[in-house]
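I have placed the structure first, in the form of structure tokens, so that the comments after it can refer back to it.
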Amino acid sequence: MSVNTKLYEGKAKTLYTTDEPEVLLADFKDDATAFNAQKRGSIQGKGSINCTISSKLFEQLAAHGIKTHYIDCPAPNQMLVKAVKIVPLEVVVRNIAAGSLCQQTGLPLGTILEQPLVDFYYKDDQLGDPLLTRDRLLLLQLATEEQVDSIAHLALQINDFLKSFWQKCGITLVDFKLEFGLDSQQQLLLADEISPDTCRLWDMTENDPNRRVMDKDRFRRDLGNVENAYQEVLQRVLQVVESK
Ligand code: C5P
């Protein structure tokens, strides 16, 4: 398979067309951004680490009946994916209060939520990815009612799987962001990535609120040891996957 033209360059990935119809190549970058790209930097090895972690998680999810855009991982920082039209929603599932939920509601950091919370954000950099209500989402025709129901249902199913997967890694899944896309048959597929960039992951063996952080919050909050934390997450994922 040969790689053709650059289709799109995002903050963390570049997408290329290939000579196979409806197959794209995603090149994962070491570039890191936060706060709607107001903070920029680089995390050495991040591209390969996130691509490898995402690939393993997509494979595990597929084995549990969740349809994803993942096809193959031809190199540690490259992923072949099915071409999809991305639904312009960032779907966040929360198990424990952190980040914007604490800022916007006053809930103390670390509050365990009785039930997982599914939040929808409008994927629009210019607007700063605002939080949406279901009615606003439908008003803007970002998805149909049926699609919203399917996305919410899938997000909770994925949360059930990921919570227990990360637990096997000795990691608490605090919250995470998903994106979905529609293929040429209008089938809803899980897309984008699942990685320490898109999940809040806390080391179960650490009680210290800074030391336990194994995700992009280390970069966002200048906590240091970012590369080591990402590397440690990768090692734990590989151990769990290989022990099966
Ligand atoms: O910022 P907030 O607390 O709403 O983030 C919730 C979760 O979604 C976090 O795990 C964060 O890493 C992820 N997220 C993301 N991309 C965004 C916004 C949030 O991966 N643009």
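No lab work stands behind these numbers, since they all come straight from the coordinates. Note that the structure is a prediction, hence the values are computed from the model and not measured. All Cβ positions, even for glycine, are placed from backbone atoms using ideal geometry, and neighbour counts span all protein chains on display.
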Item to check | Within region 1-44: Cβ-based charge dipole about Cα centre, in debye rounded to nearest 20 (Lys, Arg +1; Asp, Glu -1) | outcome: 380
Item to check | Extreme residue, positive dipole direction of the chain, given options Gln231, Ser184, Leu154 (C-beta unit charges) | outcome: Gln231
Item to check | Of Lys6/Lys29; Lys56/Lys168; Lys177/Lys244; Lys11/Lys177; Lys168/Lys216, pairs whose Cα-Cα distance is over 19 Å | outcome: Lys177/Lys244; Lys168/Lys216
Checklist outcome for this item: Quick calc, region 112-175, dipole around Cα centre from Cβ unit charges on Lys, Arg (+) and Asp, Glu (-), nearest 20 debye, gives 240
Checklist outcome for this item: The long-range amide H neighbours of Asp72, using H built 1.01 Å from N in the peptide plane and a cut-off of under 5 Å, are Leu80
Next on the checklist: Loop-only chymotrypsin sites (Phe, Trp or Tyr not before Pro) in region 27-95, please: DSSP not H, G, I, E or B, and at most 13 other Cβ atoms within 10 Å.
Outcome noted: Phe35
Checklist outcome for this item: Under the Karplus relation with 6.51, -1.76 and 1.60 and θ = phi - 60°, whole-Hz ³J(HN,Hα) for region 95-104, x at Gly and Pro, equal 9, 9, 6, 7, x, 5, 5, 5, 4, 8
Item to check | Net charge of neighbours whose Cβ lies under 14 Å from the Cβ of Glu242, counting Lys and Arg as +1 and Asp and Glu as -1 | outcome: +3
Checklist entry - Check Met204: other-chain or 5+ apart residues with amide H under 5 Å from its amide H, H built from backbone geometry? => result Ile171, Thr172
Next on the checklist: I need to check one value: relative contact order of the chain, counting alpha carbon pairs closer than 8 Å and at least 6 residues apart, in percent.
Outcome noted: 17
Checklist outcome for this item: The answer for Asp175, listing residues at least 5 apart or on another chain whose modeled amide H is closer than 5 Å to its amide H, is Asn95, Arg200
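Do the sum for the chain: with -39,500 (n - 2.57) for every DSSP H run of n ≥ 4, divided by all residues, what is the mean residue ellipticity at 222 nm, to the nearest 500 deg cm²/dmol?
Using -39500 (n - 2.57) per qualifying helix, the result is -10000 deg cm²/dmol.
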Next on the checklist: Quick check of the Kirkwood formula: for region 1-150, what is the inverse mean of 1/r over all pairs of different Cα atoms, in Å?
Outcome noted: 17.7
Item to check | Proxy reagent accessibility, fewest Cβ within 10 Å first, across Cys199, Cys73, Cys102 | outcome: Cys102, Cys73, Cys199
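Charges only on Cβ, +1 for Lys and Arg, -1 for Asp and Glu: so what's the dipole of the chain about the Cα centre, in debye to the nearest 20?
For this selection, approximately 480 debye.
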Next on the checklist: Using Cβ counts within 10 Å as a stand-in for footprinting exposure, how do Glu146, Glu179, Glu206 rank, fewest first?
Outcome noted: Glu146, Glu206, Glu179
Checklist outcome for this item: Cβ density ranking, 10 Å radius, fewest first, applied to His69, His64 yields His64, His69
Checklist outcome for this item: Placing +1 on each Lys and Arg Cβ and -1 on each Asp and Glu Cβ in region 92-244, then taking the dipole about the Cα centre, the residue among Asn95, Thr205, Leu127 whose Cα reaches farthest towards the positive end is Thr205
